[in-house]
Amino acid sequence: MAAIQVCMDITREETLKRELEALSATARYFNIKENFILTHNQEKDYEEAGIIIKAMPAWKWLLQ
């Protein structure tokens, strides 16, 4: 099982914070290990409250 959040652009600090907090809360509640933020073209790994979250372009995630 994976937790997935979709956001067009996470370059604004407040947007990124909102997305990371929501996804990490969901991951903790359901004990989910795979967590993704699907974006238009950004790619980076984040850690929020001990939860690893991978941001990646949606097209790349779909090809996996």
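Quick note: the coordinates plus some simple rules give every number you see, no bench work behind them. Just so it is clear, the model here is predicted, and its values are computed rather than measured.
At 222 nm, what value in deg cm²/dmol follows for the chain if DSSP H runs of at least 4 each add -39500 (n - 2.57) and the sum is divided by all its residues, to the nearest 500? Before the final figure, lay out each step's value.
Numbers: 2 runs with 23 residues, N = 64.
The helix-only estimate for the chain comes to -11000 deg cm²/dmol at 222 nm.
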**Report entry** Length-normalised contact order of the chain in % [C-alpha pairs under 8 Å, at least 6 apart]
**Finding:** 33 percent
Report summary line: Rounded to the nearest 5, the percent of DSSP beta bridges in the range 7-64 running antiparallel is 55 percent
Report summary line: At q = 0.23, 0.24 1/Å the base-10 log of I(q)/I(0) from the Debye formula over the alpha-carbon atoms of the chain is -0.91, -0.98
